[in-house]
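**Q** Sharing a structure here in structure tokens format.
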Ligand SMILES: [Zn+2]
């Protein structure tokens, strides 16, 4: 099984995770810029993080044969902090970088006017820079948040096939499918979505525009739940080709719209990590 995780926060994960992921067939990842748990106090903290997402993290991933790309944005939660908002003015220079394949994660956390403004401005940046957009949906009041999200996306003028609306569930999948946007599902150990529920959704709604991710980060999460979803699909009677489509070809198709997806070296390092620790740049 070859796997592309279209949404995972590797900054928060260890080299053990990279080794397990490579051994499980995960050859490519996209890491969206998001909040780090601890609130940031200024734009410099963001730019160091963005530099790490397009510099250090791809270097670390490559040592395990995992190709790493990033999406860059001011996340919805920190869009509410006046100390962080100036980062919006710094985004254009990052959106021109080669390893950046979308604007994201953008969207709503608490649906405040500040979030409205940051969401609209960043969708406009996606259009301007000819990039897809990765849109997070709120965990509270999900149906209302997703409906509002789709209205803002439609009003922005970005083509729906260039947008993924993420963290969906049984309640929100139908409206996103109808909108023409891609549908993202974060498979979590305890909340959000499980492999068996995901299989049911794929049965009901088909495989078109479907993306499955682990969204693994600094909380309770598991980078191998994409693999578990593939196994659950096979056990439920889906074919190897169906699994390949959902776990590899769909994310490749979505992010290829950036014109920047470069999968050279994907899977190349699968056996070579054994027994070696990550190289430390310059030390
Ligand atoms: Zn995320």
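Nothing in this text is a laboratory measurement; each read-out follows from the coordinates by a stated rule. The structure presented is a predicted model; accordingly, all values stated were derived computationally and were not measured. Every residue, glycine as well, gets a Cβ built from its backbone with ideal geometry; the counts of neighbours run over all protein chains shown.
**Q** With springs connecting C-alpha atoms under 10 Å apart, model the chain as a Gaussian network and identify which of 11, 137, 164 has the largest mean-square fluctuation.
**A** With Cα springs under 10 Å in the chain, the top fluctuation among 11, 137, 164 is at 11.
**Q** Run the helix sum for the chain: -39,500 (n - 2.57) per DSSP H stretch of 4+ residues, divided by residue count, reported at 222 nm to the nearest 500 deg cm²/dmol.
**A** The helix-only estimate for the chain comes to -10500 deg cm²/dmol at 222 nm.
**Q** Grab the eigenvalues of the alpha-carbon gyration tensor for segment 3-256, scale each by 5, take roots, and send me the semi-axes largest first in whole angstrom.
**A** 26, 22, 16
**Q** Using Cα-Cα distances under 8 Å and only pairs 6 or more residues apart, what relative contact order does segment 121-231 have, in percent?
**A** RCO, segment 121-231: 20 percent.
**Q** How would 84, 181 line up from fewest to most surrounding beta-carbon atoms within 10 angstrom?
**A** Listed from fewest to most nearby Cβ atoms, that is 84, 181.
**Q** Next question. Name the residues of segment 1-19 whose amide N is less than 16 Å from a point 7 angstrom out from the Cα of residue 231 along the C-beta direction?
**A** Under 16 Å, as judged by backbone N against the label point of residue 231, lie 1-3 of segment 1-19.
**Q** Could you tell me how far the Cα centroid of segment 69-96 sits from the Cα centroid of segment 111-149, in Å?
**A** About 13 Å separates the Cα centre of segment 111-149 from the one of segment 69-96.
**Q** Note down the relative contact order for segment 1-142 as a percent, whole number, built from C-alpha pairs under 8 angstrom at least six residues apart.
**A** 21
**Q** How high is the relative contact order of the chain? Use alpha-carbon pairs under 8 Å, at least six apart in sequence, and give a whole percent.
**A** Once divided by the residue count of the chain, the mean separation gives 24 percent.
**Q** Grab the beta carbon distance between residue 240 and residue 124, set R0 = 45 Å, and tell me the FRET efficiency rounded to 0.05.
**A** 0.65
**Q** Using the per-residue mean of other Cβ atoms lying within 10 Å as a proxy for protection, in what order, highest first, do the peptides 99-105, 234-240, 116-122, 257-263 fall?
**A** My ranking of the peptides, most packed first, is 99-105, 116-122, 257-263, 234-240.
**Q** While we're on this one: Return the percentage of antiparallel bridges among DSSP beta bridges fully within the chain, rounded to the nearest 5 %.
**A** 0
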